[in-house]
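The block underneath contains the structure these notes are about, expressed in structure tokens.
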Amino acid sequence: MTFTLRSTQIEVPEGMIDFGVGQPGPSTLPGAIIQQAMAHRAAQEDALYLSYGPEQGDGQFLECLADFLSNEYGLPVAPTSLMVSGGASQALDLIVSYFSQPGDTIFVEEPTYFLALPIFRERGLNVVGLPMDEGGLIIEALEEALKEHSPRFVYTIPVHHNPSSVTLSAERRQKLVRLSEIHNFYILADEVYQLLTYTSAPPIPFGTMIESERVFSLGSFSKILGPGLRLGWIQAGPTLLEQLMNVGFVFSGGSLNQFSSHIVRSALELGLQQQFLTTIRQTYRDRSDALCQAIREHLGETVSFRTPTGGYFLWAKFPQEANTSDWLRAAAEHQVRFQPGINFSSDSELKNYMRFCFAHYTREELVEGVKRLAAALKTNRN
């Protein structure tokens with residue numbers, strides 16, 4: 001008897017194509033790379049990967065990670081500015097639980113990552129959405145909101161935004177940091193897609209803007225290696241990291257992911273992570289192109305969208321009177337699913353939007369999924 005547990009991230013019936021899944025597909029998971037990295041680590045004389053590890057994380061792993069990020073960012077990253085986390089979601093919960101109290105306000109982008117909203121609400125935060133445009137978070141709207149609220153945090157997904165795929169401009173990033181210093185709020189920069197750019201390089205990440213001690217930059221190997229590793233990092237100033245390392249469960253348990261960090265250290269040392277990153281950038285770019293072409297061909301003028309330049313997602317806009325949640329039943333009957341726009345709204349809006357993920361499926365499956373969706377929408381109209 002097989003014991004099957006439900007998964008929020010992925011639970012897809014056989015034969016279904018689910019554009020709502022936000023993770024790599026089985027064909028892109030790097031099993032051989034992880035096996036090689038594990039063999040390399042197990043062959044070393046010490047077995048420190050089985051110890052608790054320092055609260056900040058294994059020093060040699062942090063040095064390898066700092067070198068890797070420095071090369072990718074084109075700017076120096078100090079290992080002392082990094083702390084191991086169990087992925088970006090754990091990092092978010094750790095930070096908001098320590099640096100806020102129930103009733104505090106957090107500004108989020110509208111739309112925003114739908115699985116971050118429960119984290120904020122479970123911690124008793126007052127969630128206030130702010131509008132975006134093609135340049136990311138609208139700073140003027142933030143300035144207006146600051147006249148009414150004194151937020152504890154501003155949560156932003158600044159590059160290849162989930163779900164909208166837009167990137168926050170360099171000028172707006174600088175303004176956001178200045179406002180955080182003036183108004184005494186923290187920036188939670190969810191930068192997990194920073195390294196998944198398929199065209200021109202994005203602006204420098206918030207991880208290189210931590211001197212003010214108002215910035216937390218979150219990264220994750222979930223997007224660039226494998227989500228099952230549950231390994232990420234927090235980049236912040238020394239005072240902020242010191243406080244996080246003294247949180248009770250961190251102080252008690254040591255490194256938040258000692259074992260996986262040693263495996264990934266080997267992947268970094270052997271150059272396997274860089275090789276894999278090069279491969280998936282091309283894979284995801286090809287899949288994005290296939291999805292865009294299929295939408296243009298089969299959905300036509302009923303939908304508008306911005307061509308993604310990186311990340312995992314395409315954000316589609318339908319006519320104003322549409323409610324994509326109403327299409328879920330017809331879509332399921334045609335063996336296709338998606339994430340309706342309302343899921344990404346802090347205020348139950350964005351009903352005429354839909355998020356597609358192109359990372360999980362092959363080009364052929366993406367095209368087939370769009371065909372099914374087009375057939376479902378035709379049925380729904382009839």
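The values are calculated or read from the model by the stated rules, or taken from the named source; none is laboratory data. Everything quoted here is computed from the prediction, not taken from an experiment. Neighbour counts run over all protein chains shown; Cβ positions are idealised from the backbone, glycine included. With ligands, DNA and RNA removed, areas are computed over all heavy atoms of the protein, side chains included. Shrake-Rupley method; radii C 1.70, N 1.55, O 1.52, S 1.80 Å.
Along segment 140-145 the Karplus relation, 6.51 cos²θ - 1.76 cosθ + 1.60 evaluated at θ = phi - 60°, assigns HN-Hα couplings of 4, 5, 4, 4, 5, 5 Hz to successive residues, with x for each Gly and Pro. Most simply put, the chain has about 50% antiparallel DSSP beta bridges, counting only bridges with both residues inside it. By accessible area, using a 1.4 Å probe on protein heavy atoms only, segment 1-153 has 51% of its surface on carbon and sulfur. Shape summary: segment 1-160 maps onto an equivalent ellipsoid whose semi-axes, from the alpha-carbon gyration tensor, are 34, 25, 18 Å in decreasing order. Using θ = phi - 60° in the Karplus curve 6.51 cos²θ - 1.76 cosθ + 1.60, the 3J(HN,Hα) couplings for segment 177-193 round to 5, 4, 5, 5, 6, 6, 9, 6, 10, 9, 9, 9, 9, 8, 9, 5, 9 Hz; x is entered for Gly and Pro. Per residue, the chain exposes an accessible area of 43 Å² to a 1.4 Å probe, with every protein chain left in place. What the Cβ-Cβ distance of Val247 and Glu321 gives, at R0 = 35 Å and to the nearest 0.05, is a FRET efficiency of 0.15.
For segment 101-158, how big is the tail of P(r) above 16 Å, as a whole percent of Cα pairs? Show your work: numbers first, answer last.
On the way: 626 of 1653 pairs.
Above the 16 Å cut-off, segment 101-158 has 38 percent of its Cα pairs.
Expressed as a whole number of Å, what is the distance separating the alpha-carbon centroids of segment 333-382 and segment 53-71? For segment 53-71 versus segment 333-382, the Cα centre distance is 39 Å.
Computed about the Cα centre, the dipole magnitude for the chain is approximately 760 debye when only Lys and Arg (+1) and Asp and Glu (-1) carry charge, each at its Cβ. Run the accessible area of segment 264-382 with a 1.4 Å probe and give the carbon-and-sulfur part as a rounded percent. That fraction is 43 percent. Stokes-Einstein diffusion coefficient for segment 275-317 at 20 °C in a medium of 1.002 mPa s, Rh from the Kirkwood formula over Cα pairs: what value in µm²/s? Translational D for this selection: 192 µm²/s.
For the chain, the residue among Ala322, Thr167, Asn380 whose Cα projects farthest onto the positive side of the dipole built from Cβ charges is Asn380. Please work out the Kirkwood hydrodynamic radius for segment 306-382, using every pair of different C-alpha atoms, and report it in angstroms with one decimal place. Taking the inverse mean of 1/r over all distinct Cα pairs, segment 306-382 comes out at 13.0 Å.
Could you tell me the number of lysine pairs in the chain with C-alpha atoms less than 20 Å from each other, where the two lysines are 8 or more residues apart or belong to different chains?
5
Rounded to the nearest Hz, the phi-derived 3J(HN,Hα) couplings of segment 262-277 under the Karplus curve 6.51 cos²θ - 1.76 cosθ + 1.60 (θ = phi - 60°) are 6, 5, 5, 4, 5, 4, 6, 4, 7, x, 6, 4, 5, 4, 5, 4, where x marks glycine and proline. If you look at the Cα atoms of the chain, you get an Rg and a Dmax of 20.9, 68 Å.
Each part reduced to its alpha carbon centroid, segment 286-315 and segment 200-224 end up 27 Å apart.
Scanning residues 5 or more positions from Asn126 or on other chains, those with amide H under 5 Å from its amide H are Gly103, Asp104, Thr105, Ile106, with H placed 1.01 Å from N in the peptide plane. Each residue was assigned an accessible area with a 1.4 Å probe, and for His40 the value is about 50 Å².
In whole angstrom, how long is each semi-axis of the equivalent ellipsoid of segment 135-208, when you take the square root of 5 times every eigenvalue of its Cα gyration tensor and sort them from largest down?
After diagonalising the Cα gyration tensor, the semi-axes are 23, 12, 11 Å.
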